[in-house]
Structures are given as structure tokens and as C-alpha cells.
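K.L.:
Structure below; questions to follow.
Just so it is clear, none of the values below were taken in a lab; they were calculated from the coordinates. It should be emphasised that the depicted structure is a prediction, and the values quoted were computed from it without experimental measurement. Cβ placement follows ideal geometry from the backbone for every residue including glycine, while neighbour counts extend to all protein chains displayed.
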Amino acid sequence: MASPRLRASHFIAYTALLTVCILVGSLLGMVAGALRTVPRLSDVQFNPKMTTTIYDINGEVIARLYKENRIPVTLDKIPQYLQDAVVAIEDERFYEHHGIDLRAILRALVMDILHREIVQGGSTITQQLAKNVFLSHERTWTRKLNEVLWAIQIERKYSKQEILETYLNEIYFGHGAYGVEAASQLYFGKHVQELDLAEAALLAGLPRGPGYYSPFLNPQAALERRNLVLHRMAELGYITPAQEKEAAAEPLKLAELKPSQNQAPYFVDYVTQYLLDKYGEAETFAGGLKVYTGLDLKMQAAAEEALLKNLPAGKVDQNGLQQPQGALVAIDPQTGYIKAMVGGRGTDKFNRAVQAFRQPGSAIKVFLYTAAIDRGYTPASIIEDSPVEYELPDGRTWSPQNNDGLFRGPITLRTALEDSINVVAVKLLDQVGVGTMIHYAKLMGINSLVERGEPNDRHLGLALGGIVKGVTPLEMAMAYSVLANQGVRLDRPLAVIKVVSRDGRVLEENRVKKTIVLSEQTAYVVTDMLRGVIERGTGKAANIGRPAAGKTGTTTDYTNGWFIGYTPDLVAAVWIGNDNQKEPLTYGGVNYGSWQAAYIWGQFMRRALAGTPVRDFVRPANIVTANIDPESGLLATSQCPNVRTEIFIQGTEPTEYCPLHQSWWQRWWPGAKPAPAPAPAPAPAPEEEGGSEAPPPGKAPSSPGTVSNQAGSGDAPLTPLPTRPLVSP
């Protein structure tokens, strides 16, 4: 009979054998499972998430879109000492092994057994690449075995140079930076090829612990890690001891760590949505696209400063947004490029330049006057500014009013537009026809008018901006660009000019389509009338000391203020108002309106056009001039007290002389031809610094723009109005 000691020895031996069998079986099971999932060579495809970059018209970076901030570079752009530094600290036998380093694995295995957990990786650069690209980061034996198999396949398919290049573009360096180029820009504010030895060594030391070794968070640990990298490089013969000593003595010289914030945030959101709609989320945020836009960052800075510095400081609303809000959008009238876009104060995602439909007030009169000029009216056509009533369908009557409550008697269309006279606009629309004005508004690019159903925009209040849906600043800027572009309409505003894939293929290249919708003569005459708005009328605050044209607009109760204007080179629309359209723009006892929008427009245009040669609007053929009497609109005589030189499309100029001012002999001899009036003295040039500034606090300007009184240009839609006057003097 066996002794108790022998039985105990047999039990221990059997238990050990069973344990070994279980371990071997488990290991063989893991190996068998892993072998069943060995990747095919065709599966080994590197497709890292690449940063999409948005550029302005001058090639400056506006923003980067990414899930992982990665900017790929080729190996020849990466300094040799950065390549050597990474190999020295991460995988010194990189060029000798075939994906796995048995020495490093055995060393790590011993450490793991001693600590009874995985504490040391022993992974080669190829294994790290396999883990980052194809596997998870869990610390298990199964994942480790899969990592080895993937590494072997990677080495079979790719060269050492290709593996190292991919690794250096893939690895994480902290603070959201993936790859050596993004890390170089983050930590040192320079491209990777510009790094010196000390900087390269610091980057090489980061992947082991990006948080702990961050020079922003732990500069002492970062220096120690950098110096360890330099020491390993010297030990392996990559650098000399003298180079090590010199680089180790270098102090940290870092770029400022700035919070991630895009320039032109509303424009970036606008472009991002375009990319998402066309290319999808994966390609937009990880496809490495290069997106070239027409935005000019210098103009963008001017737009942001002009708008944000000149909005009054109101209260914060229930959504946490300071009021009032505003928007500014600028367009090149020849190319359609969006040169600047500000959609608000910058604290939300609602882009008021594109998404906010607002009542335009008298800014809509441009389409009425364009229709009239194109249909044979002239700047000298006379309409009487006097009381008038129109009958409503429900039996009530409507009497349009002027902003100042006054009536001026017979006045020319030029004067009526310059001073934004409401009554004349309504009477002109009654003569031209509501359908005609809508036709011209649509012809010039206004697509938001409601023509069918109830309520709709087919009424005389349309002349004053009382419309159902409203218009956006971008829509108005595009419509006014027809006049700046001599009657040529662009089919769309262009944000994105070109998109290039990560491999250099041009995915799209955009140009606007152009359509002639107005004659050059009509566009020129209307532009000349709108120049008077700035030089003499309601838009004096927009005077920028160079040829410019534009129109003001202020809605009922000062809920919206507009100015849309242009030069031959640039069109810009400015809107200000509260997000709650029932609240007026009244701050500090001052009613803000179009005069403030015009002031903002002027501030922007002065900066945006600084350095741009002054250009006048091109005068086309078949434009003639005549000296007229502004009271009658007819040819002035020597007896007329006021004489004005007026422009006309050839064939529309007056041929009769003014009957209001005659000499005694003309009254006795009606057939006698009067003596023509001498030409008036030329008007003085506009002041260099522009016309009137914003009024002092507490005092509104004498002509703050046109309020669409009685026209319902607030939120409530207008009741359709008839075109038949009941009372007209």
C-alpha cells in the first residue's frame, strides 16, 4: 500500500499535468481560433481617417473637419531623425524582424508572468500598426495573438518604408492630433519637415503615453522622455554624443495650445452641410478632402468686426442668445463666390444669413422700380405724393402712409426712391401691376414670394415689403447682384469652388451659369437711382467714398433693419433684428433700423475694398442725358428755378418743355419755343469718409429708412389689397 507521501506526490503530479493540458488546450484553442481568422492579404488595406480641410480663396486654411485630426504626409517629407527617433524608442530591431520580435516578446512574457497580468507589450511598430488600424486595444491574449498574425500579413504585403510611413501618419500624439504632421502643427506650430532634432525626439516619445508625456500638461516628464529618446538614438548610432548633448540642452519651445474653434463658423457649417449632403458623413469627416471655397478670410474678418461691434447690446433671451442678432453676407457679382458670411453673434448654429426669412421693408422696392424702368418709366417720371385710399375685400379701406406723415406733392421717381416714399411706391405698383413686380422679383432671383393660396403676396402692400414668408439676406444679395452685374443673373451663390480627394482626383469643380434678365441700360439707370439713395437719401450712412448703390429697409415697429448695396466688385446684404420678430429694435431709447444696417454695411465695405482700385459702374451705350425740371419731369427752360441733369434710356427722354415756369411772352405766345436751361453745376464728389454717421444716443435720424406703416410688414400677413383707388386727388 502506497504511503501517504507517495499518494500526495501522485496527486500533485496529476494536477500539474492536468493544468498543463488545460493550458496547452486553451492555447491551442486560441491558436486554432486565431488561425481561422487569419486575414487574407487582400484584407490588409490601410484606410486611415483623414482630416478634411477647407481653404479660402487665397489658399488659407479656414477649418478642418475630422473625427481624428490627421494630415497625411509622405515619408520623404518626414525628417530622417524623426524616423530614427521613433524606431529607436519604439522598435529598435524594426528593420531586422518580419513583423514580430521574439526577443521583445519573451522579455514582455516574463514580465507579464511575474506580475500575473499584461504589463509590458513588447509590440513591434508593425504590431502597433495592426492594433491601431485593424484590432481593438483590449489587453487579452487573444487580441495579442491576432495582432501577431496581422503583423505577419502586413509585413508580407508592404515594405518597411510603407509600414513606417503609415505608422507615422496613424499613431496618436495627444490633444486630438493623429500623425506626425498634425502633431507638429499642434505642438510647434510648424510643418513636420521643419522640425529640429530636439523637437523630433519629443514627438517620438509621446505615443507611449500622450497624456502623461504631454509638454502642455507635464513639461518635466516630456523633457525627461525626450532626453531618453535622444540617449537611445545615440546608443544605437543614429546621432553622435555631441548631438545628443546639444539637443538635450534645448528648452521647450512650444506653440500656444488654442481651443479648437473654426474661423467663419457659420460659413463652415454651411459648407459642411453641403459636403454631408453630397458625400456623406464618412467622406466629409474622414475622407481627407480638400475643399476650396471663394471665401476671403480678410473680408470675413472685416464682416465679423463690422457687424458684431455695431450691434447694440441687448438682453439675453430664453435660449441664452444675446439680442439683437444680425447677419451679413457678401458676394462677388461676377463669379457668385461667397466672400464673407456672418450668420449671427457666433454663439449658435442658426445661420441667419441663409435660414432667417425676414420681412424686407422698403428694400423690396428695388424690384418695383426695376420693373417700372424696364417698362418705359424714367427717373424723371412724376407721381403725386398725396393721400389715397384702397378698398379691401372686407369693405375696409387702406391708406398707405409715409414714414414722416408728410405728403410732398408731385415728385420724380428718383426722389421717391432716394427718400423711400411709401405712397409713391404703392401708386407706382398700382400702375405697373402686382404681377409685373412679382415677375421681375423672380426674374432677379427672389424665390420666396407666395403667389397662390391664402394669404399670398399679390397685393399692393408688396410695394412696402409686406410679404407672407419673407426673404433671406443671401437671397437679397443675389438679387441685387443682377444690377451690379449689368443685368446678368447668376444661377446660385457659390460656396464650394472645387473638391479634391485624398489621392488628388478632382471630384467637382463649380462655376455659375449666367443668364441675361435685364438690359444693361435698365440695370444702369436703376443703379444710378440707387446711388442717390447713398449720396442724398436714406442710406447716407453707407457712403464709402467710392461709387456704390443700395437701398434701405425698415419694417413696421422697427422689427427689422436692412441695407443691401453694391459696388462693381462686391455685393453685401446686412440685416439686423431680434430673433423674436414681435420685439422691436429699441435699445437705450433709440429705435434702430436701416440707418444702423447702412452704417454696418459702410464699415464692412471700407475694409473689404481697401486696396481694391476704385471702379465706376460701366455706362452702356444708348444712355442719354437731359436737363429737366424736377417739378414737372420735363425739359427745363431758362425760367425753371431748379434744374437737374437726368439720365434716360435713349428714346424715353422727354421732348416737351416744362409748362410750369414760363416767361410773360410765352404766356402770350403759346407756340413760342422756350430757351433751354443752362446745364446745372456738377454735384460735389462724395466725402472720402462717407456721409452721415449713426445718430447720437437718444436721437433718431431724420430719415431712418422706410417704415412700412399700415402695410403689415411685421409677422402678420397682409390682407390682399385691390388695385383700384377709391380716392385720389
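K.L.:
For Thr397 and Glu281, what is the calculated FRET efficiency with R₀ set at 51 Å and r taken between the beta-carbons, to the nearest 0.05?
P.N.:
Plugging the Cβ-Cβ distance into 1/(1 + (r/R0)^6) gives 0.35.
K.L.:
In nm, to one decimal, how far is the Glu384 label point from the Thr625 one, both placed 7 Å along Cα→Cβ?
P.N.:
It is 3.3 nm.
K.L.:
Also, I was wondering about something else. Show me, for segment 64-78, the HN-Hα J-couplings you get by feeding each phi into the Karplus relation (A = 6.51, B = -1.76, C = 1.60, θ = phi - 60°), rounded to Hz, glycine and proline as x.
P.N.:
10, 10, 6, 9, 10, 6, 10, 10, x, 9, 7, 4, 5, 8, 9
K.L.:
Let me ask you something else. Between Ser519 and Leu102, what length in nm is gained on full extension when 0.36 nm per residue of separation is reduced by their alpha carbon distance?
P.N.:
Numbers: separation 417, 0.36 × 417 = 150.12 nm, distance 8.17 nm.
Using 0.36 nm per residue and subtracting the Cα-Cα distance, I get 141.9 nm.
K.L.:
Divide, for segment 347-466, the radius of gyration over alpha carbons by 2.2 N^0.38 Å, where N is the residue count. It would help to have the intermediate numbers written out before the result.
P.N.:
Numbers: Rg = 15.4 Å, N = 120, 2.2 N^0.38 = 13.6 Å.
Ratio of Rg to 2.2 N^0.38 Å for segment 347-466: 1.13.
K.L.:
May I pose another question? I'd like the FRET efficiency for Thr347 and Leu75, computed as 1/(1 + (r/R0)^6) with the beta carbon distance as r and R0 of 41 Å, rounded to 0.05. Each step should come with its number before you reach the end.
P.N.:
On the way: r = 43 Å, r/R0 = 1.06.
Working from the Cβ atoms, E equals 0.40.
K.L.:
Near Leu307, within a Cβ-to-Cβ distance under 11 Å, what is the net charge of the other residues, with Lys and Arg +1 and Asp and Glu -1? Display every interim value, and only then the final one.
P.N.:
Details: positive: Lys309, Arg345, Arg352; negative: Glu304, Glu305.
It works out to a net charge of +1.
K.L.:
Could I ask something else about it? Taking amide H positions as placed in the peptide plane 1.01 Å from N, state which residues far from Leu392 in sequence (5 or more) or on other chains have amide H under 5 Å from it.
P.N.:
The answer is Thr397, Trp398.
K.L.:
Which lysines does Lys469 reach when only Cα atoms under 21 Å apart count, and residues fewer than 8 places away in its own chain are ignored?
P.N.:
Straight-line reach from Lys469, under 21 Å: Lys365, Lys442, Lys551, Lys582.
K.L.:
Now a separate question. What does the charge add up to near Arg458, with Lys and Arg as +1, Asp and Glu as -1, over the other residues with Cβ less than 11 Å from its Cβ? List each step's numbers first, then the result.
P.N.:
Working: positive: Arg452; negative: Glu451, Glu454, Asp457.
Overall, the nearby charge balance is -2.
K.L.:
Ok, one more. All other residues with a Cβ under 13 Å from the Cβ of Lys253 taken together, and with Lys, Arg as +1 and Asp, Glu as -1, what is their net charge? Present the calculation step by step, with values, prior to reporting the outcome.
P.N.:
On the way: positive: Lys190, Arg226; negative: Glu194, Asp196, Glu199, Glu250, Glu256.
That sum, taken over residues with Cβ under 13 Å, equals -3.
K.L.:
Also: Mind checking which of His191, Gly205, Ile163 is farthest towards the positive end of segment 160-215's charge dipole, using Cβ charges of +1 (Lys, Arg) and -1 (Asp, Glu) about the Cα centre?
P.N.:
Gly205
K.L.:
Another one. 5 Å is the cut-off here: which amide hydrogens, built 1.01 Å from N in the peptide plane, fall below it relative to Tyr587, excluding neighbours closer than 5 in sequence?
P.N.:
Amide H to amide H, under 5 Å and 5 or more residues apart or across chains, Tyr587 pairs with Tyr592.
K.L.:
Follow-up. D for segment 604-657, whole µm²/s, Stokes-Einstein with Kirkwood Rh over alpha-carbon pairs at 25 °C and 0.890 mPa s: what number?
P.N.:
Values: Rh = 13.7 Å.
Taking Rh from Cα pairs, D becomes 180 µm²/s.
K.L.:
Right, something else. Assuming R0 = 45 Å, what is the FRET efficiency of Arg505 and Leu406, from their Cβ-Cβ distance, to the nearest 0.05? Write out the running numbers ahead of the final one.
P.N.:
Working: r = 65 Å, r/R0 = 1.45.
Computed FRET efficiency for Arg505 and Leu406 comes out at 0.10.
K.L.:
Right, next: Can you list residues from other chains, or at least 5 along the same chain, whose modelled amide H is less than 5 Å from the amide H of Lys339?
P.N.:
HN-HN under 5 Å from Lys339: Ala330, Ile331, Asp332.
K.L.:
Okay, next question. Quick one: length gained pulling Glu451 to Leu254 fully straight, 0.36 nm per residue minus the C-alpha distance?
P.N.:
Details: separation 197, 0.36 × 197 = 70.92 nm, distance 6.15 nm.
Here the answer is 64.8 nm.
K.L.:
Per residue, what volume in Å³ does the convex hull of the Cα atoms of segment 404-465 enclose?
P.N.:
Values: hull volume 6.3 nm³, N = 62.
Normalising the Cα hull of segment 404-465 by residue number yields 102 Å³.
K.L.:
Apply the Karplus curve 6.51 cos²θ - 1.76 cosθ + 1.60, θ = phi - 60°, to the phi angles in segment 643-658 and return the couplings in whole Hz, x for Gly and Pro.
P.N.:
Rounded to whole hertz, the list is 10, 9, 7, 10, 9, 9, 6, 3, x, 10, 5, x, 10, 9, 8, 4.
K.L.:
When the Karplus curve 6.51 cos²θ - 1.76 cosθ + 1.60 is applied with θ = phi - 60°, which whole-Hz ³J(HN,Hα) does each residue of segment 193-199 get, with x for Gly and Pro?
P.N.:
Values per residue, Gly and Pro as x: 5, 9, 5, 9, 4, 4, 5 Hz.
K.L.:
Something else now. How much length would be gained if the chain were fully extended between Glu246 and Lys582, taking 0.36 nm per residue of separation minus their Cα-Cα distance, in nm to one decimal? Numbers along the way, then the final one.
P.N.:
On the way: separation 336, 0.36 × 336 = 120.96 nm, distance 6.92 nm.
Working it through step by step, the gained length comes to 114.0 nm.
K.L.:
So, one more: Using 23 Å as the Cα-Cα cut-off, could you pick out the over-long pairs in Lys349/Lys540; Lys427/Lys540; Lys349/Lys513; Lys77/Lys190? Working shown, then result.
P.N.:
Details: Lys349/Lys540 33 Å; Lys427/Lys540 26 Å; Lys349/Lys513 30 Å; Lys77/Lys190 13 Å.
Pairs exceeding 23 Å: Lys349/Lys540; Lys427/Lys540; Lys349/Lys513.
K.L.:
Still on this structure, please answer the following. Just order 315-321, 83-89, 599-605, 222-228 by mean Cβ neighbour count inside 10 Å, highest at the front, would you? Could you put the intermediate results ahead of the total?
P.N.:
On the way: 315-321: 11.1, 83-89: 23.3, 599-605: 27.6, 222-228: 19.6.
Answer by packing, highest mean first, reads 599-605, 83-89, 222-228, 315-321.
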